Amino acid sequence: MIDRDHAEEVQEIEALRRAMMRSWWWVCLALWLSVGILSLWWLRSGLQELGEYFTWAAVRYMLYYERRAAIGLGLCYGMTLALLVSESRHILWGLSDGERSRLLTHLNKIRNQGPSHPQWKIIRPAESHSGK
């Protein structure tokens, strides 16, 4: 019985982690579609020049003189890189103790509130579908 409860808890934690990562990927996509496109728009003249004659010095100066665009692209790039590293670390080494503790705390809050919690369907999809 304890093994079954533990296996169920592991599944719920993994479902919660997947849902949270999916949400972060949606935020990242929204960031690229808003800030990223706006930043590229600000760099359009510099990008046209780079198309004709590419040098790394030209890239550096373009980003140096268009600080807003550089900050926007840096934000988009940083978010994407952070998510890729997080996913890779999870694939290679699994959840860290801190992540597991944080997810378990959140899972307990969801369980305590029960089916009225918005994320209940994430951790208990079978129960949420049987009630319809």
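Bear in mind that the values in this text are calculations on the coordinates, not laboratory data. Computed from a predicted structure; not experimentally measured. Note that we place each Cβ from the backbone using ideal geometry, even for glycine, and neighbour counts take in every protein chain shown.
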Inter-part gap, Cα centre of the range 40-76 to Cα centre of the range 9-24, in whole angstrom, is 37 Å
Could you identify which residue out of S86, S45, S101 has the top mean-square fluctuation in a GNM of the chain using Cα springs shorter than 10 Å?
S45
Helix by helix through the chain, keep the DSSP H runs that span 20 Å or more along the axis on Cα and average at least 0.0 on Kyte-Doolittle, and give those back in order.
67-93
Only Cα pairs within less than 10 Å get springs; with that Gaussian network setup on the chain, which residue of L29, L50, L84 has the largest fluctuation?
L50
Which Cα, out of A57, L33, I110, lies furthest along the positive dipole direction of the range 18-132 (beta carbon charges, K/R +1, D/E -1)?
I110
For the chain, what is the mean residue ellipticity at 222 nm derived from helices alone (per DSSP H run of n ≥ 4: -39500 (n - 2.57); sum divided by total residues; nearest 500 deg cm²/dmol)?
-26500 deg cm²/dmol
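Applying 1/(1 + (r/R0)^6) with R0 = 41 Å to the Cβ-Cβ distance of H6 and S86, what FRET efficiency is obtained, to the nearest 0.05?
That gives a FRET efficiency of 0.95.
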Here are a few candidate values for Cα extents along the principal axes in Å: (i) 68, 34, 20; (ii) 49, 49, 34; (iii) 44, 28, 24. Which one was actually calculated from the structure I just gave you?
(i)
Under 19 Å from a point 7 Å along the Cα-to-Cβ line of W120: which residues of the range 81-112 have their amide N that close?
105-112
Residues of the range 17-61 with amide nitrogen under 17 Å from the 7 Å Cα-to-Cβ point of K109?
17-21, 23-24
